[in-house]
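I have placed the structure first, in the form of structure tokens, so that the comments after it can refer back to it.
Bear in mind that the values in this text are calculations on the coordinates, not laboratory data. These numbers were taken from a predicted model, which means no experiment stands behind them. All Cβ positions, glycine included, derive from the backbone under ideal geometry; neighbour counts span all protein chains shown.
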């Protein structure tokens, strides 16, 4: 039977699972106007900030509008931009992380799934009138 207590437990379990899923989602970098590498070099004076993810640059122009450009394999591009007054940040694409961080993330993710399905099993048994053992 769906008692208020069982519905609350199920709601809390669903909310906790949703919160954990959102917590471990990779944030998508902001997208904006896509320009060519040649156009990027021409507008470098207008560029105020830039973050480089492997071969992609995501930055903001003088008006604060997002700008996206695909970069060639040029290790000097960050230095070149910095010399022109652009605030450059280099970030790992795809949220590259250490093995320990990946392991912790995996344990938390699968542990939360096990707890969630354990709670579902407990609720199902309580609804059938059988004690959980």
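Could you give the length gained on full extension between residue 68 and residue 128, defined as 0.36 nm per residue of separation minus the Cα-Cα distance, in nm? Show your work: numbers first, answer last.
On the way: separation 60, 0.36 × 60 = 21.60 nm, distance 5.63 nm.
Gain on extension, residue 68 to residue 128, equals 16.0 nm.
For residue 55 and residue 22, the difference between the fully extended length at 0.36 nm per residue and the C-alpha to C-alpha distance is 9.2 nm.
With only the Cα atoms considered, region 33-91 has a convex hull volume of 67 Å³ per residue. A Förster distance of 25 Å, applied to the separation of the beta-carbon atoms of residue 34 and residue 102, puts the FRET efficiency at 0.20.
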